[in-house]
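Participant: What follows is a single structure, and I will ask about it in a moment.
Only the coordinates and a few stated rules stand behind these numbers; no lab work does. Since this is a predicted model, take the numbers as computed values, not measurements. Cβ placement follows ideal geometry from the backbone for every residue including glycine, while neighbour counts extend to all protein chains displayed.
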Protein chains: 2
Amino acid sequence: MRLEILPVPGIGHVTEGDDLAALIGGAAPWLRDGDVLVVTSKIVSKAEGRLVDVPADGPDRQAARDEVLAAESVRVVAARGTTQIVQTRHGFVMAAAGIDASNVDKTRLVLLPEDPDASARALRAGLRERNGVDVAVVISDTMGRPWRNGLTDVALGVAGMDAIRDHRGEVDPYGNELVLTQMAVVDELAAAGELIKGKCDQLPVAVVRGYLSAPLTENTDGARALIRDASMDLFSLGTAEAKAAGLLAAATLPDQPGGVAADRAAVDRAIAIVADVVAPGTVFTQVTDADVRSGLVATVPGWPTHATGLVLCSPPTPVGPVQLVRFGTDVQRLRTALAAEGVPTQLLPPPGGTTAAATLAL
Amino acid sequence: MRLEILPVPGIGHVTEGDDLAALIGGAAPWLRDGDVLVVTSKIVSKAEGRLVDVPADGPDRQAARDEVLAAESVRVVAARGTTQIVQTRHGFVMAAAGIDASNVDKTRLVLLPEDPDASARALRAGLRERNGVDVAVVISDTMGRPWRNGLTDVALGVAGMDAIRDHRGEVDPYGNELVLTQMAVVDELAAAGELIKGKCDQLPVAVVRGYLSAPLTENTDGARALIRDASMDLFSLGTAEAKAAGLLAAATLPDQPGGVAADRAAVDRAIAIVADVVAPGTVFTQVTDADVRSGLVATVPGWPTHATGLVLCSPPTPVGPVQLVRFGTDVQRLRTALAAEGVPTQLLPPPGGTTAAATLAL
């Protein structure tokens, strides 16, 4: 067994309305059943007319570009300076929604194909019709990624094969079940294609031969199978954006107890976290014993019955209006630290018979 | 031009102390100058004895594994359930520090090679000595990534070539300078190698032929060139972890004004954000005119001269001790919302002649 990665030279400049299957099929009459075509998304976009006119330079260019970017994006994932990482309408997370100004006139921008899976299917069908070959098609683009410098090519669309090769359920020679081995093989094929495309000038198509055997399987999921839902992603937001979201969450913290017994150590940690920033002499006392707690709670009308713990909050003395306001800010600091520990709270008046000036119901 | 991806069958099980250059050189006497060997990190780890003994199952196994994981990690990047994404001692960000329990006895775990670049250099030198060939070596491993389902193989170590191919400064046929085209070619080589390794059982080594030409260049950076410093990374922390960091930042908010004129619209936004959660009747009034401000500030001893704006904070009436504490928590909410807008604040007593009960210096 061996794989080959072959260039498809001679395709030349692609413009709107070009028949990609004819261009590629003509340039590569040697295509065989089972070949995987790796096609740079830009020529697909150009053939499909996914271009917009923009000023060649100046502030108007930036404004026009920003407008196009907003239209191509469903949400901003992270931003720093002029860099915006967004989720595209397709679901891909990438810089500037994949909008590209290279390999095109200075007055135009190239957008991603409208539906790269559909583009791949159309090209596969066109080559079957024109050249009589049963090939898979991967539409590829270049992307950055977190944590690692340098870009790699990955797949935006695919036809004629599954995006992911699933090894789950297989057992290794030692009897261990393979649990984490869903390989994104179309991304690896895109990367393999880039190795030869990046070596040659103006080479938008490569062929990986030997990886698949005809007859190929249709698949309906396409490269959408590669898109992880943001709710499942541990990195759905940039770090700075998520920190800002945490600050906003603190500003609008809900005012209600959790109703489940709070972790005593977590409450102690929260108290320790704010110890250095609250006014000296401020005392936060955790009350966890049910009997003591119910005795205290009974002295305050309207205490939530589902509160499972208390923190008595006492200001330093003497206490005037200015000190009470400061004390309130310190209580809110503690509430926020408790929230960071996953402990919700409700602010309530102090129980009678204590020196507390406020209480938090946990 | 064409590339070939060739399997190296017949290596068999690798155990501690094995001479990898002898094993690979013996299995592939057909190696040529300029070939790129893609070597699964696991056989490097095994040959180098990077294995630890753990119980085959039960809670002790998990505890032993956690201990190993902590020793292999410098920080936790994100965690959910039993999944931990960490930065390894090498600098790589990956699940479980790359510790693997597959393709090894149930009582052992395989760690990443101690220094994968050094392993690659040693193997390259060994093959030059033994087989007389000038080959590059890529040590590869399988990793997940944010935003995209499925795993791909990437490089942990490299010798005999640069990790990144830099196209910056090149100009496309349309006269546009290529600015964002540092390609992580060793990651693409690792991915290409996996295409054939993943197809065959127990195939830890592949060869990419045709990509490089001898004589190869030594490089000293190795795969370390791929590691992006966390301070430069927009995704240096998981979303949940960064949100928690934001909550913690709110709990320990510094108490000092910014000393630069605050964005008036940002202050208005912060006031609007907390409007629905503060006690009804609470009034926050932004004071930005310098003359009015200096008149107010003059009535409070100790006001910071570098404060560039004020927010007068007035509680609803009537005002008793319980209301003042609640008011303090609401003032702290506003301070937190201002911090989310990038506006630092200091809590101060109210100026004379106003109905405010507190003031924030901006």
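Participant: Using a 7 Å offset from the Cα along the Cα-to-Cβ direction at both A:GLU129 and B:ASN176, what is the distance between the two label points in nm, to one decimal?
Facilitator: Going by the 7 Å Cα→Cβ label model, 3.1 nm.
Participant: Please grab the % of Cα pairs in the range B:254-361 that end up more than 24 Å from each other.
Facilitator: Roughly 17 percent, rounded to a whole number.
Participant: If Lys and Arg each add +1 and Asp and Glu each add -1, what is the summed charge of the other residues whose beta carbon sits under 14 Å from the beta carbon of A:ALA251?
Facilitator: Here the count lands on +3.
Participant: Further, regarding this structure: Round to a whole angstrom and tell me the spacing of the C-alpha centers of the range B:1-65 and the range B:162-232.
Facilitator: 21
Participant: Can you put B:THR282, B:THR15, B:THR107, B:THR305 in order, fewest other beta carbons within 10 Å first?
Facilitator: Ordered by Cβ neighbours within 10 Å, fewest first: B:THR305, B:THR15, B:THR107, B:THR282.
Participant: B:THR308 to B:ALA118: FRET efficiency via 1/(1 + (r/R0)^6), r the Cβ-Cβ distance, R0 41 Å, to the nearest 0.05?
Facilitator: FRET efficiency, B:THR308 to B:ALA118: 0.15.
Participant: At 0.36 nm per residue, minus the direct Cα-Cα distance, what do B:MET1 and B:MET232 gain on full extension? Give it in nm, one decimal, please.
Facilitator: 79.4 nm
Participant: Could I ask something else about it? Please find, in a Gaussian network model of chain A (springs between Cα atoms separated by less than 10 Å), the residue of A:ASP115, A:ASP255, A:ASP162 whose mean-square fluctuation is greatest.
Facilitator: Sorting by GNM fluctuation, first place goes to A:ASP255.
Participant: Just going by the charge dipole of the protein assembly as shown, with Lys and Arg at +1 and Asp and Glu at -1 on Cβ, which of B:VAL274, B:VAL93, A:GLY91 is farthest out on the positive end?
Facilitator: Comparing the listed Cα positions along the dipole, B:VAL274 ranks first.
Participant: Separate question: What nm value, rounded to one decimal, do you get for the distance between B:THR317 and A:VAL319 when each label is placed 7 Å out toward the C-beta?
Facilitator: The modelled label-to-label distance comes out at 2.4 nm.
Participant: Would you calculate, for the protein assembly as shown, the mean residue ellipticity at 222 nm contributed by helices, counting each DSSP H stretch of 4 or more residues as -39,500 (n - 2.57) and dividing by all residues, to the nearest 500?
Facilitator: -9500 deg cm²/dmol
Participant: What ranking of A:HIS90, B:HIS167 emerges when the number of other C-beta atoms within 10 Å of each C-beta is taken as an exposure proxy, fewest first?
Facilitator: Least to most surrounded, the residues fall as B:HIS167, A:HIS90.
Participant: By how many nm would the segment from A:ARG75 to A:VAL292 grow when fully extended, if each residue of separation counts as 0.36 nm and the alpha-carbon distance is taken off?
Facilitator: Taking A:ARG75 through A:VAL292 to full extension adds about 73.1 nm, to one decimal.
Participant: On to the next question. Cβ under 14 Å from A:ALA63's Cβ, A:ALA63 left aside: what net charge do those residues give with Lys, Arg +1 and Asp, Glu -1?
Facilitator: Counting the neighbours of A:ALA63, the net charge comes to -3.
Participant: Within chain B, which whole H helices from DSSP have a Cα span along their axis of at least 15 Å and a mean Kyte-Doolittle hydropathy of 0.5 or more, if any?
Facilitator: Counting only whole DSSP H runs, the qualifying helices are B:185-197, B:239-251, B:264-274.
Participant: Counting DSSP beta bridges in chain B, what percent are antiparallel, to the nearest 5?
Facilitator: Approximately 90 percent, going by the DSSP bridge assignments.
Participant: Measure off 7 Å from each Cα along the Cα-to-Cβ vector at B:THR354 and A:ARG264, then give the distance between these two points in nanometres to one decimal.
Facilitator: 4.6
Participant: I need the inter-copy label distances for A:PRO316: point set 7 Å along Cα to C-beta, values in nm with one decimal, smallest first.
Facilitator: 3.2
Participant: Next question. What order do you get for B:TRP30, A:TRP303 when you list them from fewest to most C-beta neighbours inside 10 Å?
Facilitator: Fewest-to-most ranking of B:TRP30, A:TRP303: B:TRP30, A:TRP303.
Participant: Cut-off under 26 Å on the C-alpha distance; same-chain residues fewer than 8 positions from A:LYS46 excluded. Which lysines are left, in chain and number order?
Facilitator: In chain and number order, the partners are A:LYS106, A:LYS197, A:LYS199.
Participant: Let me ask something else. Once the label point is placed 7 Å from Cα along Cβ, list for A:GLY342 the distances to the corresponding points in the other copies, in nm, shortest first.
Facilitator: 3.4
Participant: A follow-up question, please. Two-decimal Rg/Rh of the protein assembly as shown from alpha-carbon positions, Kirkwood Rh?
Facilitator: In the protein assembly as shown, Rg relative to Rh is 1.06.
Participant: Defining a contact as two alpha carbons under 8 Å apart and six or more residues distant in sequence, what relative contact order in percent does the range B:254-361 show?
Facilitator: Contact order relative to length: 40 percent.
Participant: Where the label is 7 Å out from Cα toward Cβ, how close does A:GLN202 come to the same position in every other copy, in nm, shortest first?
Facilitator: Result for A:GLN202, in nm, nearest copy first: 5.1.
Participant: Consider all pairwise Cα distances in the range A:107-170 and report the whole-number % of them above 16 Å.
Facilitator: Of all Cα-Cα pairs in the range A:107-170, 61 percent lie more than 16 Å apart.
Participant: Excluding residues fewer than 8 places away in the same chain, name every one of the lysines whose C-alpha is closer than 25 Å to that of B:LYS243.
Facilitator: A:LYS243
Participant: Next question. What does the convex hull of the Cα atoms come to per residue for chain A, in Å³?
Facilitator: Each residue corresponds to 216 Å³ of Cα convex hull volume.
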